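Data first, discussion second: the structure below is written as structure tokens.
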Amino acid sequence: MALTDLPSKHENSQEDGKEPVPPGHTNQQRARACFLKGVSYFSGDMEVFGKWMEKQFILLQLLDWVLRGAAQVMFVNNPLSGLIIFAGLILQNYWWALNGFVGTLFATISALILQQNRGAIAAGLYGYNGILVGLLMAVFSNAGDWYWWLLLPNIFMSMMCPIVSSALGSINSRWDLPVFTLPFNILVCLHMVATGHYNNHFSQVLIQPRSELPNITWAEIDVAKLFMSVPVGVGQVYGCDNPWTGGIFIFSLFISSPLTCIHAVLGSAVGMVSGLALAAPFGDIYFGLWGYNCVLACIAIGGMFYALTWQVHLLAITCAFFCAYLGSAIANLMSTFGLPACTWPFCLSALTFLLLTTGTNRIFKLPLAKVTYPEKNLRFFWKLKKQEKMEEDEKKKKEREEQRKTIEDEVILNEKEKLRREYERVEEGRRASLASEGKNNKTHVEDQQIEIEQQGPEEEEIRCNNLHEDRPAENV
Amino acid sequence: MALTDLPSKHENSQEDGKEPVPPGHTNQQRARACFLKGVSYFSGDMEVFGKWMEKQFILLQLLDWVLRGAAQVMFVNNPLSGLIIFAGLILQNYWWALNGFVGTLFATISALILQQNRGAIAAGLYGYNGILVGLLMAVFSNAGDWYWWLLLPNIFMSMMCPIVSSALGSINSRWDLPVFTLPFNILVCLHMVATGHYNNHFSQVLIQPRSELPNITWAEIDVAKLFMSVPVGVGQVYGCDNPWTGGIFIFSLFISSPLTCIHAVLGSAVGMVSGLALAAPFGDIYFGLWGYNCVLACIAIGGMFYALTWQVHLLAITCAFFCAYLGSAIANLMSTFGLPACTWPFCLSALTFLLLTTGTNRIFKLPLAKVTYPEKNLRFFWKLKKQEKMEEDEKKKKEREEQRKTIEDEVILNEKEKLRREYERVEEGRRASLASEGKNNKTHVEDQQIEIEQQGPEEEEIRCNNLHEDRPAENV
Amino acid sequence: MALTDLPSKHENSQEDGKEPVPPGHTNQQRARACFLKGVSYFSGDMEVFGKWMEKQFILLQLLDWVLRGAAQVMFVNNPLSGLIIFAGLILQNYWWALNGFVGTLFATISALILQQNRGAIAAGLYGYNGILVGLLMAVFSNAGDWYWWLLLPNIFMSMMCPIVSSALGSINSRWDLPVFTLPFNILVCLHMVATGHYNNHFSQVLIQPRSELPNITWAEIDVAKLFMSVPVGVGQVYGCDNPWTGGIFIFSLFISSPLTCIHAVLGSAVGMVSGLALAAPFGDIYFGLWGYNCVLACIAIGGMFYALTWQVHLLAITCAFFCAYLGSAIANLMSTFGLPACTWPFCLSALTFLLLTTGTNRIFKLPLAKVTYPEKNLRFFWKLKKQEKMEEDEKKKKEREEQRKTIEDEVILNEKEKLRREYERVEEGRRASLASEGKNNKTHVEDQQIEIEQQGPEEEEIRCNNLHEDRPAENV
């Protein structure tokens, strides 16, 4: 978390203007600042690199987009992570890696042909379905590796990705929801069920529904394999069962966003536990089939589309458990048609949890256009909260001032009233005494009275004016 | 119908101010008024009780919400009905009743934790999915009664209810539609298909698709059982096959809203008839499987979400038939996955009929926020109609007045025009004669002319005033 | 294409006012104009006939609506096409044709009862689902022809069509999408799965999932049958496998809209090719099962809901390929439930492609209210484009003029400035000389000065006018 959280402080300090460098800072601090700056270049979404790329040759740009697309499967917009992920794929299987690359490439090209949003293409948002389509079509093909004909439906299906993405986007945008990997799910299931196991050209692996009680003996449980299932679960996001590949994927996540990485591991662990709770065959758990959907769901809810608070963290874990349950359900449903669960469980559970509306402001869904990566999302959320608080404070201040004003006005009125009454009392007293003095002085008295009466209001006015003149400074 | 319809008159009379009590009214009438007032305390949605509850201890409130939640399955917002329903459940099976209670309780608690709308929680709108989830998970469990582990998924699934409800609500609210029992359907199917029949922890009842012609001999039909299937159908809404339980449920509906009760029975009968028409095995019909969806659909359309008119009543019966058809279809579909139909048929058919738009104003869909219970909905509808009529009448009155005014204005103008022309004619004639008389009289004539001209308008005005006084009676 | 494209010219000429008939035009031209006018009466949507119909007896109107409804399956709003289609159906099978007619009739009547939009009813938009429901229920019935009881569910289901249409319309209208044949798909699948193969009253044809590798020997391919599969594919839109019936349908399309006809044939061909590519059993391809969805999808995208450009034409072909793929997938899925694919693949693929949003203005989706038939849609699109262009031109013109103006103003200001400076220089020089000359000449000088000052502006104006006359050519 420190890795990308600290650069943010660095950035904030830049925003605040010239940071007054404390004179006594040591070399160590200097080195640290240097290191953080270096880290900021290849962590997060590598914005600086992305800006630099914009001026490069189109083929180089395309490579950047493809790499970002490969990483976007895990919501990471980072070409370096994409490169590491491809390395992991090559470690797993050359042929799969090739199919994944072809898928990403053609999905991106198709998006360019269909003139989709350039920013979204550059962020790899049209590539991630392509890589999954390519990979999983290779994984589930019954024809074995290096069956070159497979590239044909691979290219067709990955070119359909932007069309399906755009169509689903038109629907989901009404609720400000992303399309997640729904286009991949739709297209791979479409290909698999269209050809099926009994096909002469593109035969699929045979998947059949469970028809007898699995033999689960708790004594036979292999704890090492169980722990290994956590990285394998992360690897299964790309259909890979090699734990090293899974480890490489975890590392690629850590580079870009440690918060994403933590939630990925957490999700995979939750999936494993759920598998044990629902009495799944151990083989499935070891193979990571219970983990990959939870990985994605936990990342999506835990900081990616919601701003990360403790409440959201708990929500993400709940979502991972729900996703595991749903995963088992969908796997059983789809097996009736000879289909794998793909990432349907993740999509459906994450969409459900994103549609949730609550009364608390600790669960804040980011506007889709503002989603980047958990750390940056958090900063956005904090900024927003700060702004809101300031506005609220100002409002309260104003209210308080207005209250004071009204109180003061009342005080002034009361003072006026008092003065008037006092004056009237004085007047009456005077009149009474005058009446006893006799009628000789009457004319004189009357003159005086008139004088006083004429004076009275003026005096009052003066007093009032004085009051008015004294106050303003306070009132403003 | 009389029970709650009459209190409404009572209420109306209160609105009109002090009702002049006829001097000669007998004791009978007094007793009746007293009775009606008493009825109004525990029929409908028990508003007075609900208001009183707001000031009570939270646990007591929670109990109120749980009872209302239990009754909300049938759209009844009444804790007394809820209590009776729980009694019916206990009559059926203790374990099921316990599971239902746990489900309602935890669904409501989960809604409180997630800070959902307090009014909706208090109306039991977050509990009814919970009771169904709890009940049906117990009903379809293969482990038999008192398998305590079942409470774990029960609690988890019922706590998911508010999340799924909120998510579906976000979607359905765009069309001002309720979520009905969709969260229950989703969650119970999810649990059942996730574990399935072949599971070591939570095994489900085995459900298989029909694979041979059912043996239906019309001679074997048991008319008594057929008639009994009507209350059993109502009972099956809560998964109960005991006709007495069904009868208790019907009674609980009658307490709150007789119109709801009538439509429930009607729906169940329609379902039974549909079952016979579509050649369903008699066993299924006797068991109420053809009834419960129609019960709910008929209630929902017949007065609950539409204001009850004769057209709406027919629509409700059509919907019940459609629902029965759909029920058979969905039951067959779901049996492929080893799932029961749950209340999917009701949800889908009712949503379809609520999405219907027609040109007639006799089919009036209430705004979702105004839905209470059929009798109150009707009053709302009538009030609205009255208001509309009054507004229309006023509008017409204004239009008529305006028309009269314009006609009058025209008449006045015409009169003026006539007078002017007459005057001009007279004038011309005079001038002609004057011209022949010579120039000596000229000054005199001009004086006269001015005199006439000054007189003219005055005369006209008088005439017009006369017109104004004469006309109105004719024009109105 | 010539048939309806030319009448459009004719129409345009009418819009332009009286066309000055060239004096030397031959009889041939006159005959041609006459022919085109005749064609315009029964091609397109037969607007003139429709207007004339409005004044006829209601039963005659109903017949018109039923015929239009029959043709609307292929998006054709033309009673003549409908009549020809019914002829084709009768050629195929009397019983099916009767069921289709009953379906259309009752769907239309139901829409009238439910007071749906009269314009939509008159365009046959409530009938096309009815004809398909009627036809396909007869086609898939296992009871054979002339099983009269079938008319009961037929009537019920076709009367449900407007309800389902209206409900789906409420949802789809949010994205300005049509409901296509979704109501038919829903209702026929509902009926088929509700009764199923094992039913005593309404047994359905047995459909089972493929469970072994089909035996495909490329040597056995029958090229004649393969080519025949193109018209058969068009026929299968109405569930007919007779190639002559398919041919008749193609002819009925040609009458109304040649563009529609071309895309129908193209779609059927694409479907056939896709079938070969995905290793489908030849029998299915010959039987037109790969064609009918592509026919509809290709028509819908190719000019019906998008304005036809080359880009849209390519999109339509892509959509047809996607639809064929999807068709195979859905057929396999549905066979698990004993259901045929109906036209689900068409609906889903066409909706996906209509939801597509692109940055190019060459793919223009028509507002749903403006959709008529491809040729008229094109004219609407061209008109819109022309208007846009004109507006843009005007805007540009204005901008250019404003630019010119500002430039001129600057020029004038500069000239004025120059003159003033020059004058000042002259003045100063003169003053200097005058100061030395003495005070005698002073009065004379002042007069001159005033003279010059008065002259100045005039001269400037003339210069400016010259500028105005010189510049325009440069600025444009």
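Within this structure, C:V205 passes the test of being in contact with a Pro (Cβ under 9 Å, 6 or more places away or on another chain) and surrounded by fewer than 21 Cβ atoms within 10 Å (Cβ to Cβ). Any residue that is surrounded by fewer than 18 Cβ atoms within 10 Å (Cβ to Cβ) and either on the phi > 0 side of the Ramachandran plot or modelled with pLDDT of 95 or more (or both) - is there at least one of those in the range A:414-436? No: the range A:414-436 contains no residue that is surrounded by fewer than 18 Cβ atoms within 10 Å (Cβ to Cβ) and either on the phi > 0 side of the Ramachandran plot or modelled with pLDDT of 95 or more (or both).
Cβ-Cβ contacts under 7 Å between residues 6 or more apart (or on different chains), taken from a first residue in the range B:274-286 that is free of Cβ contacts under 8 Å to residues at least 40 places away in the same chain to a second residue that is among the small types (G, A, S) and open to solvent by less than 30 Å² (accessible area, probe 1.4 Å), are listed as B:D284/B:G275. Within the range B:307-321, not a single residue is under 27 Å from C:T336 (Cβ atoms) and in contact (Cβ under 8 Å) with a residue 12 or more places away in the chain.
At least 1 residues being more than 19 Å from B:A369 (Cα to Cα) and either out of contact with any helix residue (DSSP H, G or I) (no Cβ under 7 Å at 6 or more places or on another chain) or within 14 Å of chain A (Cβ to nearest Cβ) (or both) is the threshold, and among the helices (runs of 4 or more DSSP H) wholly inside the range B:95-173 those reaching it are B:128-139, B:151-172.
Restricting to the range A:156-200, name every residue that is open to solvent by 50 Å² or more (accessible area, probe 1.4 Å) and without any contact (Cβ under 8 Å) to a residue 60 or more places away in the chain.
Correct list: A:F156, A:M159, A:I171, A:R174, A:I186, A:Y198, A:N200.
The sole residue among A:I250, A:I255, A:I262 that is modelled with pLDDT under 95, more than 19 Å from A:F180 (Cα to Cα) and under 23 Å from the mean Cα position of the chain (by Cα) is A:I255.
Within the range A:358-369, is there a residue that is away from chain B (no Cβ under 11 Å), out of contact with any Asp or Glu (no Cβ under 7 Å at 6 or more places or on another chain) and part of a helix (DSSP H, G or I)? Checked against the condition, which is being away from chain B (no Cβ under 11 Å), out of contact with any Asp or Glu (no Cβ under 7 Å at 6 or more places or on another chain) and part of a helix (DSSP H, G or I), the range A:358-369 yields at least one hit. Screening the range B:174-197 for residues that are part of a loop (DSSP other than H, G, I, E, B) and under 19 Å from B:G338 (Cα atoms) and picking the one that is nearest to the other protein chains (Cβ to nearest Cβ) gives B:G196. Among the residues of the range B:367-375, is any among the charged types (D, E, K, R), out of contact with any Ser or Thr (no Cβ under 8 Å at 6 or more places or on another chain) and without any contact (Cβ under 8 Å) to a residue 12 or more places away in the chain? Yes, that holds for at least one residue.
Out of the residues in the range B:322-348 meeting the condition of being touching a residue at least 60 places away in the same chain (Cβ under 8 Å), within 11 Å of chain C (Cβ to nearest Cβ) and part of a helix (DSSP H, G or I), tell me which one is farthest from B:L187 (Cα to Cα). I'd like the intermediate steps shown before the answer.
So the first thing to find is which residues in the range B:322-348 are touching a residue at least 60 places away in the same chain (Cβ under 8 Å), and the list is B:332, B:334-340, B:342-344, B:346-347.
Those left that are additionally within 11 Å of chain C (Cβ to nearest Cβ): B:332, B:334-337.
Filter once more, keeping what is part of a helix (DSSP H, G or I): B:332, B:334-335.
Values: B:N332: 19, B:M334: 14, B:S335: 17 Å.
Checking each candidate, the answer is B:N332.
Taking the conditions (1) part of a helix (DSSP H, G or I); (2) of a type in the set (S, T, N, Q); (3) open to solvent by 50 Å² or more (accessible area, probe 1.4 Å) in turn, B:Q56 satisfies each one other than (1). Filtering the range A:226-243 for residues that are farther than 25 Å from C:F282 by Cα, away from every other protein chain (no Cβ under 14 Å), among the aromatic types (F, W, Y) and without any contact (Cβ under 8 Å) to a residue 40 or more places away in the chain leaves a non-empty set. Within the range B:304-311, one or more residues are open to solvent by 10 Å² or more (accessible area, probe 1.4 Å) and part of a helix (DSSP H, G or I). Of the residues making up the range A:55-81, those that are in contact (Cβ under 8 Å) with a residue 40 or more places away in the chain and farther than 21 Å from A:N377 by Cα are A:Q61, A:L62, A:D64, A:W65, A:V66, A:L67, A:A70.
Might you let me know whether the range A:304-315 holds any residue that is modelled with pLDDT of 95 or more, among the aliphatic types (A, V, I, L, M) and within 23 Å of A:A97 (Cβ to Cβ)? Within the range A:304-315, none of the residues are modelled with pLDDT of 95 or more, among the aliphatic types (A, V, I, L, M) and within 23 Å of A:A97 (Cβ to Cβ). B:M137 meets the stated requirement of being more than 30 Å from C:N200 (Cβ to Cβ) and open to solvent by less than 20 Å² (accessible area, probe 1.4 Å). Taken across the range B:346-361, residues that are open to solvent by 100 Å² or more (accessible area, probe 1.4 Å) and either closer than 30 Å to B:A194 by Cα or among the polar types (S, T, N, Q) (or both) do not occur at all.
When you look at C:A111, is it surrounded by fewer than 21 Cβ atoms within 10 Å (Cβ to Cβ) and out of contact with any strand residue (DSSP E or B) (no Cβ under 7 Å at 6 or more places or on another chain), yes or no? No. Is it true that A:N200 is within 11 Å of chain C (Cβ to nearest Cβ) and either in a loop (DSSP other than H, G, I, E, B) or more than 36 Å from the chain's Cα centre (by Cα) (or both)? Considered against the rule, which asks whether it is within 11 Å of chain C (Cβ to nearest Cβ) and either in a loop (DSSP other than H, G, I, E, B) or more than 36 Å from the chain's Cα centre (by Cα) (or both), A:N200 comes out as yes.
The values are calculated or read from the model by the stated rules, or taken from the named source; none is laboratory data. Predicted model only: the values in this text are computed from it and were never measured. Cβ atoms come from the backbone with ideal geometry, glycine included; neighbour counts cover every protein chain shown. Heads up: the accessible areas ignore ligands, DNA and RNA and are worked out on the full protein's heavy atoms, side chains in. Shrake-Rupley method; radii C 1.70, N 1.55, O 1.52, S 1.80 Å.
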